[in-house]
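Q: One structure follows; several queries about it will come next.
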Amino acid sequence: MIELSDRLLAMEESATIAMSRKSRELKARGKDVISLSLGEPDFNTPQFIKDAATEAMDNNFTKYMPVPGYDDLRNSISKKFKRDNNLDYGSDQIVVSTGAKQSIANVVLTLINPGDEVIIPAPYWVSYIEIVKVAGGIPVMVNAGIEKDFKISGEDLTNAITSKTKLMIFSTPCNPTGSVYNREELRDLANAIKKHPSLMVMCDEIYEHINFEGKHESLAQFDDVYEQVITVNGVSKAWAMTGWRLGYIGAPKSIASACSKVQGQFTSGTCSITQKATIAAMEANPSVLKDMITAFKERRTLVLNALAEIPGLKTNHPGGAFYVFPDCSTYFGKSHEGYTIKNASDLCLYLLEESLVALVTGDAFGDPKCFRISYAASEETLIEAMRRIKQALSKLK
Ligand code: PMP
Ligand code: GLU
């Protein structure tokens, strides 16, 4: 008998990936499933990026490269940080990885000893918790309810800090709530962070460009916490490059070198062709993303309007990303044909079976009262999905 490690046995499968797998299986069996489960843009990668990849192959950029990324790519990321975020990260402070997922894992493995506490505001993105657990860290969730637009304050953070706290991880814009921290809210967090000089904070800004309300703000902009912050970003979301696998960090030099050391043992640098293509994305004016962002904004309106017509669902007003995270707790205790909804996982299963719409339960994101809708799908698909959800929920008595 094969005995898997305790580390592996303690790990949950990614709920977002599990749900998209389940809907692919149902589709393969001929079911007309609409999957709003995966956070993946339905757009194609812009042509100029694909052209840069072709050129890289033609020029034989097909060999091992420096572990933290090609110098010209890191220079272009350094300029991007300055241009878009007013952040000063030299190329030796930048590490390019196989997706932001690996960037996050590198940082956690670099900083966390067994028993260290990692503060994670909830709702959070699924993988933070599992990555922290693999490193032996203890995730400490700080709840930010819908009435607070799912955001925590400096005071909430302060109250969660103990002598064992080492790191905090959060995203803005947030997956799964779409909430965006404004400058004042980040300043408030920074005031709490600076009082604890040994606390490090990973600010995941992968949805930076998918912001409908205002300018994206980075936590590292505040000089008094700059040395405590690791800024995470990547090309999967805004540049519709999920399959290319490239994420990156800007961080204090010692952390960047440590992440490079970890990566040198695990994976080396990410795909050479992806790296060269990413230079084209980094050097492009982000205004080329305008049409994509406008489409996401229109879809947000569509989904929010449709949700407002469904009795009993409560939402915040998501300022970014491409998710809505409705509170569905008024449906708990209701039944249809002998099936009783006890929690959001039951509701997601019910909606999958009754209406063939795949969503992800809020349990996976640390809020069992909610579920996540990813609206990175065509308007036509979203209209049909919302019609089905409304109909299935109306049957619950
Ligand atoms: N952070 C957040 C908040 C995400 O939603 C995702 C989605 N995959 C990632 C990081 C990882 O992105 P990737 O590995 O595709 O760069
Ligand atoms: N981040 C996306 C999501 O939340 C993609 C899936 C994943 O990597 O977990 O759905």
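Bear in mind that the values in this text are calculations on the coordinates, not laboratory data. Remember, predicted model here, so these are calculated numbers, not experimental data. Glycine also receives a Cβ, built like all others from the backbone with ideal geometry; neighbour counts cover every protein chain displayed.
Q: So what is the relative contact order for the range 259-397, in percent, with contacts set as C-alpha pairs under 8 Å and at least six apart?
A: After rounding, I find 22 percent.
Q: Treating only the Cβ of Lys, Arg, Asp and Glu as charged (+1, +1, -1, -1), what charge dipole size does the chain show about its Cα centre? Round to the nearest 20 debye.
A: 400
Q: Now, a different point. What is the calculated FRET efficiency for Lys195 to Lys31, with r their C-beta to C-beta distance and R₀ = 45 Å, to the nearest 0.05?
A: 0.25
Q: Which three lengths, in whole Å and largest first, does the range 125-209 cover when its Cα atoms are put on their principal axes?
A: Taking the Cα atoms of the range 125-209, the three principal extents are 31, 28, 24 Å.
Q: Moving on. For the chain, set up a Gaussian network in which alpha carbons nearer than 10 Å are linked by springs, and say which option among Gly264, Gly145, Gly319 fluctuates the most.
A: Top of the fluctuation ranking is Gly264.
Q: Below 8 Å, C-alpha to C-alpha, sequence gap of six or more: please give me the relative contact order for the chain in percent.
A: RCO, the chain: 22 percent.
Q: Looking at the chain, what % of its DSSP beta bridges pair antiparallel, to the nearest 5?
A: 45
Q: Given contacts defined as C-alpha pairs under 8 Å and at least six residues apart, what's the relative contact order of the range 43-114, whole-number percent?
A: In percent, rounded to a whole number, it is 22.
Q: Which of Lys82/Lys166; Lys80/Lys276; Lys63/Lys253; Lys237/Lys276; Lys79/Lys253; Lys101/Lys314 have a Cα-Cα distance over 21 Å?
A: Correct reply: Lys82/Lys166; Lys63/Lys253; Lys101/Lys314.
Q: Take the Cα coordinates of the range 265-397, assign each an equal point scatterer, and use the Debye formula without solvent to give log10 I(q)/I(0) at q = 0.16 Å⁻¹.
A: -0.82
Q: Same structure, new question: Using the Karplus equation 6.51 cos²θ - 1.76 cosθ + 1.60 (θ = phi - 60°), what ³J(HN,Hα) coupling, rounded to whole Hz, does each residue of the range 296-303 give in order, writing x for Gly and Pro?
A: The phi angles translate into 4, 5, 5, 5, 4, 4, 4, 5 Hz.
Q: For the range 42-180, what is the convex hull volume of its Cα atoms per residue in Å³?
A: Roughly 157 Å³ of hull volume per residue.
Q: For the range 51-125, take the convex hull of the Cα atoms, compute a quarter of its surface area, and give me that in nm², please.
A: On the way: hull surface 30.4 nm².
Result: a mean projected hull area of 7.6 nm².
Q: I'd like the FRET efficiency for Lys334 and Ala10, computed as 1/(1 + (r/R0)^6) with the beta carbon distance as r and R0 of 25 Å, rounded to 0.05.
A: Details: r = 34 Å, r/R0 = 1.36.
The pair Lys334/Ala10 has a calculated efficiency of 0.15.
Q: Further question: As a test of understanding, state the convex hull volume per residue of the range 16-100 from its alpha carbons, in Å³. Walk me through the intermediate numbers first.
A: Numbers: hull volume 14.8 nm³, N = 85.
That works out to 174 Å³ per residue.
Q: How big is the shadow of the Cα convex hull of the range 218-307, averaged over all directions, in nm²? Write out the running numbers ahead of the final one.
A: Details: hull surface 34.2 nm².
Averaged projected hull area, Cα only: 8.6 nm².
Q: How high is the FRET efficiency from Asp291 to Asn143, r the C-beta distance, R0 30 Å, rounded to 0.05?
A: 0.20
Q: Most exposed first by the Cβ proxy, i.e. fewest other Cβ within 10 Å, how do Phe61, Phe150 rank?
A: Working: Phe61 17, Phe150 24.
Ordered from fewest to most neighbouring Cβ atoms within 10 Å, Phe61, Phe150 come out as Phe61, Phe150.
Q: So what is the calculated 222 nm ellipticity per residue for the chain, using -39500 (n - 2.57) for each DSSP H run with n of 4 or more, over all residues, to the nearest 500 deg cm²/dmol?
A: Rounded to the nearest 500, it is -12500 deg cm²/dmol.
Q: From a point 7 Å beyond the Cα of Lys261 in the direction of its Cβ, which residues of the range 50-91 have a backbone N at a distance under 15 Å?
A: From the range 50-91, the list is 68.
Q: While we're on this one: Tell me the Kirkwood radius of the chain: reciprocal of the mean inverse pair distance over distinct alpha-carbon atoms, in Å.
A: Values: mean 1/r = 0.0460 Å⁻¹.
Result for the chain, one decimal place: 21.7 Å.
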